[in-house]
Amino acid sequence: MNHLKLTDIEKHYGKVRVLNQINLEIGEGQMVCLLGPSGCGKSTLLKIIAGLEMPDSGGIEFKGVNWSGLDAKKRRVGMVFQHYSLFPNLNALQNVAFGLEMKRMPRKQSQKEAEEWLERVGLQDFRNRYPHQMSGGQQQRVALARALAPSPDLLLLDEPLSALDAAVRLSLRGEIRRLQLQLGITAVFVTHDQAEALAIADRVALMREGSIVEYDDPQIMYSNPNCFFTSSFIGVVSVMEGTIVSLSPPIAKVCDGMVALPYLDEKKAEIGRKIRIVMHAEDIELSEGFSENGRFDPLRGQIYNLDFLGKTKRYTIRSSDGNTFFVEVQANGHMDFQIGQTVEMIVRPENMHVFDARTEESLKSAGGRGKNMKDGLLNTG
Ligand code: ADP
Ligand code: MG
């Protein structure tokens with residue numbers, strides 16, 4: 001049975017439609033990320049689940065119970081927000097105990113349980129600290145303990161890590177996931193950071209302008225996206241515009257050359273169709289020189305910029321027709337290219353994700369699907 005089920009949710013603010021036909025089913029104990037650019041409606045959807053906003057139409061069911069019109073207080077939901085929403089006049093222990101006391105738990109027991117929760121989030125020594133005496137990461141740990149202490153049925157998190165620095169973000173995200181799995185609690189986690197979403201979610205719902213464009217597990221979202229928007233939003237990618245010029249064999253004209261597209265779904269394609277080809281930065285290999293590659297000119301460009309990222313480095317490359325490519329390679333690899341140098345870019349056909357330029361749907365055949373997710377992606381956050 002689905003734990004949480006949203007059906008045809010619509011929401012307007014004034015004349016502006018903020019959510020459009022949202023359908024989402026979340027299984028028990030799953031962590032689902034609502035991912036998407038700023039302003040696409042993530043927080044509004046989360047507030048509707050919490051009962052803090054009412055949809056114009058559509059239904060919400062939780063464990064088979066109709067939540068539409070149910071008061072927020074009657075939904076057993078724990079929430080964590082981006083801005084540490086702790087009570088400034090209460091110390092860490094009192095903040096965590098607050099929700100328990102609201103449930104009329106006797107004071108002695110609520111203090112004991114609050115202490116246990118502080119210990120679970122690694123803050124047993126901070127019980128007497130007030131919010132202004134704690135770092136952002138520590139405050140978010142208290143906020144997490146406070147949300148979980150009353151044993152909610154559902155945990156909702158709205159960009160809980162976005163105000164933290166990179167190292168804290170990484171460790172706290174692991175902590176949130178560990179606790180969520182340990183408790184087996186169903187959770188909805190809002191973020192605009194694709195690496196964060198892929199790292200912690202069982203399933204990702206990618207949103208665009210009030211709609212869910214794709215809902216799948218992170219590996220599929222990354223390696224076999226259904227639409228151009230997903231492909232361009234997830235990972236570090238380069239996009240080539242092109243036109244299909246032949247179907248057997250499938251060939252497209254791109255930039256100032258031709259590429260073979262052996263994994264094109266010929267049933268969906270036709271000659272003259274405008275396409276977009278998306279490639280992940282770690283799927284492009286570089287070589288120097290000017291080899292002749294059978295019937296096709298290799299993709300060529302000039303190194304325009306170089307970013308050192310630690311374990312990897314990322315080249316920005318411009319082709320002669322002005323297209324930009326991003327290529328990520330091991331930083332300690334033996335290939336080193338200089339800014340201004342001309343290089344060849346080699347991409348395996350199965351790593352070219354082909355989309356219809358107008359409808360944005362994938363034109364890749366089933367045979368070209370099933371590439372495994374690369375570890376490198378998770379380091380981009
Ligand atoms: P996200 O969390 O994805 O950044 P939001 O759900 O906060 O997006 O907002 C979606 C859209 O709704 C935005 O265009 C925002 O300006 C608008 N919006 C959000 N809350 C309100 C409100 N209370 N009144 C009017 N417009 C709002
Ligand atoms: Mg938001």
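The values are calculated or read from the model by the stated rules, or taken from the named source; none is laboratory data. Quick caveat, the model's predicted, so the values are computed rather than measured. Cβ: placed from backbone, ideal geometry, glycine included. Neighbour counts: every protein chain shown. What goes into the accessible areas is simple: the full protein's heavy atoms, side chains included, and nothing from ligands, DNA or RNA. Shrake-Rupley method; radii C 1.70, N 1.55, O 1.52, S 1.80 Å.
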*Residues of the range 123-152 classified as open to solvent by 50 Å² or more (accessible area, probe 1.4 Å), out of contact with any Pro (no Cβ under 8 Å at 6 or more places or on another chain) and not in a helix (DSSP H, G or I), total*: 5
*Do we have residue 220 as surrounded by 13 or more Cβ atoms within 10 Å (Cβ to Cβ) and in contact with a strand residue (DSSP E or B) (Cβ under 7 Å, 6 or more places away or on another chain) here?*
no
*Which numbered condition residue 86 misses (of (1) assigned to a loop (DSSP other than H, G, I, E, B); (2) at pLDDT below 95; (3) surrounded by fewer than 21 Cβ atoms within 10 Å (Cβ to Cβ))*: (3)
*asked:* Tell me yes or no: at least one residue of the range 306-314 is in the same structural domain as residue 236 (by TED's automatic domain parsing) and closer than 26 Å to residue 263 by Cα.
replied: no
*Restricting attention to the range 53-77, which residues are within 16 Å of ligand 1 (Cβ to nearest atom) and either in contact with a strand residue (DSSP E or B) (Cβ under 8 Å, 6 or more places away or on another chain) or at pLDDT 95 or above (or both)?*
53, 54, 55, 56, 58
*asked:* For the range 3-12, give me each residue that is over 17 Å from residue 189 (Cα atoms) and open to solvent by 30 Å² or more (accessible area, probe 1.4 Å).
replied: 7, 8, 12
*Hey, residue 210 hits all of (1) more than 25 Å from residue 328 (Cα to Cα); (2) in contact with a Pro (Cβ under 8 Å, 6 or more places away or on another chain); (3) buried (at least 22 other Cβ atoms within 10 Å of the Cβ) but one; which does it fall short on?*
(2)
*From 93, 52, 70, 34, grab the single residue that is within 26 Å of the chain's Cα centre (by Cα), free of Cβ contacts under 8 Å to residues at least 60 places away in the same chain and on the phi < 0 side of the Ramachandran plot.*
52
*Assuming residue 253 fulfils every condition listed in (1) assigned to a strand (DSSP E or B); (2) touching a residue at least 24 places away in the same chain (Cβ under 8 Å); (3) open to solvent by 20 Å² or more (accessible area, probe 1.4 Å) apart from one, which condition is it?*
(2)
_Residue in the range 154-163 that is modelled with pLDDT under 95, closer than 19 Å to residue 85 by Cβ and open to solvent by 10 Å² or more (accessible area, probe 1.4 Å) present_ = yes
*Considering the range 12-46 alone, what residues qualify as being of a type in the set (Lys, Arg) and either more than 8 Å from ligand 1 (Cβ to nearest atom) or not assigned by TED's automatic domain parsing to the domain that holds residue 205 (or both)?*
15, 17
*Considering only the range 52-73, state which residues are buried (at least 16 other Cβ atoms within 10 Å of the Cβ) and not in a loop (DSSP other than H, G, I, E, B).*
58, 60, 61, 62
*Report whether or not residue 270 is modelled with pLDDT under 90, more than 30 Å from residue 197 (Cα to Cα) and part of a loop (DSSP other than H, G, I, E, B).*
no
*Kindly indicate whether any position in the range 170-177 is away from ligand 1 (no atom under 16 Å from the Cβ) and at positive phi.*
no
*Criterion: touching a residue at least 12 places away in the same chain (Cβ under 8 Å), at negative phi and either open to solvent by less than 50 Å² (accessible area, probe 1.4 Å) or more than 16 Å from ligand 2 (Cβ to nearest atom) (or both) - qualifying residue of 15, 112, 42, 108*: 42
*Of the conditions (1) in a helix (DSSP H, G or I); (2) over 23 Å from residue 177 (Cα atoms); (3) within 15 Å of ligand 1 (Cβ to nearest atom), residue 49 fails just one. Which one is it?*
(2)
